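Notes to accompany the following structure.
The values are calculated or read from the model by the stated rules, or taken from the named source; none is laboratory data. Keep in mind the model is a prediction, meaning the values are calculated, not measured. Cβ atoms come from the backbone with ideal geometry, glycine included; neighbour counts cover every protein chain shown.
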Amino acid sequence: MPTRNLKRLATAMLTAASLFLTTLPALAASGTFKGINNHTVSGAVSVEKRGDEYVIVLGTDFDFDGAPDPRIAFGNDGKYAKGTDFKLLKADKGAQEYVVPKEIDPSKFNEVHIWCRKFTVGLAIAKLK
């Protein structure tokens, strides 16, 4: 194969790889939920950076025993961070995604919580790594 064709092929492959990699979400952190306060909760959670926003992703294995007013929130070292509960859970089971509001900076937290706003009690915590 002539050198010119090899250079074109190499350039095309690098361009394709670059486009592919820029469309993948950047994984910021992940963990596994554990229920607290007599709740049974399990499943994976991750925080992904997508463009200029963060997204909380609950895995297909997510399973929650239910409670009134369960919301996605953040915390540190086992403690809910007041004011970070931002979105009502869509479902008690299965894959779900939640865009984090711009005013919350996920990099300041080491946990994702499921928080009951109605009764101000924690339902689950996932330590992020």
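Conditions tested, residue by residue: (1) hydroxyl-bearing (S, T, Y); (2) touching a strand residue (DSSP E or B) at 6+ places or on another chain (Cβ under 7 Å); (3) closer than 23 Å to K108 by Cβ.
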| residue | (1), (2), (3) |
| --- | --- |
| E48 | no, yes, yes |
| Y54 | yes, yes, yes |
| L58 | no, yes, yes |
| D63 | no, yes, no |
| G66 | no, no, no |
| G75 | no, yes, yes |
| G78 | no, yes, yes |
| K82 | no, no, yes |
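On inspection, E103 fails the criterion of being touching a strand residue (DSSP E or B) at 6+ places or on another chain (Cβ under 6 Å) and either under 19 Å from E53 (Cα atoms) or in contact (Cβ under 8 Å) with a residue 40 or more places away in the chain (or both). Yes or no: region 104-115 includes at least one residue that is at negative phi and among the small types (G, A, S). Yes. I'm trying to understand the selection: among the residues of region 104-114, which are touching an Asp or Glu at 6+ places or on another chain (Cβ under 9 Å) and either farther than 15 Å from L58 by Cα or acidic (D, E) (or both)? Of everything in region 104-114, those that are touching an Asp or Glu at 6+ places or on another chain (Cβ under 9 Å) and either farther than 15 Å from L58 by Cα or acidic (D, E) (or both) turn out to be N110, E111. For region 83-97, a tally of residues being part of a strand (DSSP E or B), under 20 Å from T32 (Cβ atoms) and among the aliphatic types (A, V, I, L, M) returns 0. Just one of the listed residues (K7, K82) is of a type in the set (D, E, K, R), over 16 Å from the mean Cα position of the chain (by Cα) and at pLDDT below 95, and it is K7.
Among the residues of region 108-129, those that are over 12 Å from the mean Cα position of the chain (by Cα), outside any loop (DSSP other than H, G, I, E, B) and either of a type in the set (V, I, T) or exposed (fewer than 14 other Cβ atoms within 10 Å of the Cβ) (or both) comprise K108, I114, V121, I125. Considering each of D65, D61 in turn, give the residue that is at pLDDT 95 or above, surrounded by fewer than 16 Cβ atoms within 10 Å (Cβ to Cβ) and within 15 Å of Q96 (Cβ to Cβ). One residue alone meets the criteria, D61. Mind telling me which of the residues V45, V55 ends up being at negative phi, in a strand (DSSP E or B) and surrounded by 19 or more Cβ atoms within 10 Å (Cβ to Cβ)? Answer to the selection: V45.
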